1. Is one or more of the residues making up region 242-250 surrounded by 17 or more Cβ atoms within 10 Å (Cβ to Cβ), at pLDDT 95 or above, in contact with a strand residue (DSSP E or B) (Cβ under 9 Å, 6 or more places away or on another chain) and on the phi < 0 side of the Ramachandran plot?
2. Residues of region 120-137 being under 16 Å from the mean Cα position of the chain (by Cα) and assigned to a helix (DSSP H, G or I), which ones?
3. Quick check: is even one residue across region 221-235 in a helix (DSSP H, G or I) and touching a helix residue (DSSP H, G or I) at 6+ places or on another chain (Cβ under 9 Å)?
4. Looking at (1) in a strand (DSSP E or B); (2) more than 20 Å from the chain's Cα centre (by Cα); (3) surrounded by 15 or more Cβ atoms within 10 Å (Cβ to Cβ), can you tell me which one residue 181 breaks?
5. Given the condition farther than 30 Å from residue 53 by Cβ and at pLDDT 95 or above, answer yes or no: does some residue in region 162-183 qualify?
6. Filter region 130-150 for residues that are farther than 21 Å from residue 185 by Cβ and touching a strand residue (DSSP E or B) at 6+ places or on another chain (Cβ under 6 Å); which is surrounded by the fewest Cβ atoms within 10 Å (Cβ to Cβ)?
7. Considering only helices (runs of 4 or more DSSP H) fully contained in region 1-119, which possess at least 3 residues that are surrounded by 16 or more Cβ atoms within 10 Å (Cβ to Cβ), modelled with pLDDT under 95 and out of contact with any strand residue (DSSP E or B) (no Cβ under 9 Å at 6 or more places or on another chain)?
8. Going through region 70-102 one residue at a time, which ones are more than 18 Å from residue 41 (Cβ to Cβ) and touching a helix residue (DSSP H, G or I) at 6+ places or on another chain (Cβ under 6 Å)?
């Protein structure tokens, strides 16, 4: 199959492309660096010619509420229209577990809007909804930091490695369109505070994590059901300990 990966030069797109090529597929990464701009719509018709499947793993360059909503709405409309015109048979998009349960987060609302566009479109689809990536540990710490203190809630997470996300997307590409969503998550559940605390210890970061149930995550007030799958989920293989063992832990 010819598979176009929108956002194909980023973290997930690069890993996904390698897996799909190994399975014998023709893979075309699409991003501004390859001449494809999904906001302007330029390059889409050309890159989608003859495509069987399109995988959308793009992300907004800004997390500001209006900017991120505008990004996903504009990108989604342009991409889905170009896919319909090109006769694409399967649209696979990466989203977030329980995005609709966290309406206080502008980013989560934008992902819900993206999903709604996919569901309302004419291209058969699969929405792969992932939990937070293990690779986001440092970014989560940075957004919650004030000086040497990082304040985070104890709300449950089930973080997943980018390699497992790519593997789940590769699996979804080779299945018939679900015309629905599939949840994917890491193999273990732990509090957000503990997740970051273990990460900082592993990379010899001396900052202190303070637990506060009222601390927010990208604007959302969390509980133990906010970020984890509530039903069946496809689980990854890579634990936090496994992932930490691969990180650069130089002081």
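The values are calculated or read from the model by the stated rules, or taken from the named source; none is laboratory data. A quick note: this is a predicted structure, and the numbers were derived from the prediction, not measured. Glycine also receives a Cβ, built like all others from the backbone with ideal geometry; neighbour counts cover every protein chain displayed.
1. Step one: filter region 242-250 for residues surrounded by 17 or more Cβ atoms within 10 Å (Cβ to Cβ), giving 243.
Okay, now just the ones that are also at pLDDT 95 or above, so 243.
Among the residues that remain, those that are also in contact with a strand residue (DSSP E or B) (Cβ under 9 Å, 6 or more places away or on another chain) are: none.
No: region 242-250 contains no residue that is surrounded by 17 or more Cβ atoms within 10 Å (Cβ to Cβ), at pLDDT 95 or above, in contact with a strand residue (DSSP E or B) (Cβ under 9 Å, 6 or more places away or on another chain) and on the phi < 0 side of the Ramachandran plot.
2. Result: 134, 135, 136, 137.
3. no
4. (2)
5. Our first condition is that a residue be farther than 30 Å from residue 53 by Cβ; within region 162-183, this holds for none.
No, there is no match, as no residue in region 162-183 is farther than 30 Å from residue 53 by Cβ and at pLDDT 95 or above.
6. Among residues in region 130-150 that are farther than 21 Å from residue 185 by Cβ and touching a strand residue (DSSP E or B) at 6+ places or on another chain (Cβ under 6 Å), the one surrounded by the fewest Cβ atoms within 10 Å (Cβ to Cβ) is 149.
7. Where helices (runs of 4 or more DSSP H) fall fully within region 1-119, none carries at least 3 residues being surrounded by 16 or more Cβ atoms within 10 Å (Cβ to Cβ), modelled with pLDDT under 95 and out of contact with any strand residue (DSSP E or B) (no Cβ under 9 Å at 6 or more places or on another chain).
8. Once the filter is applied, which keeps residues that are more than 18 Å from residue 41 (Cβ to Cβ) and touching a helix residue (DSSP H, G or I) at 6+ places or on another chain (Cβ under 6 Å), region 70-102 yields 92, 95, 96, 99, 100, 102.
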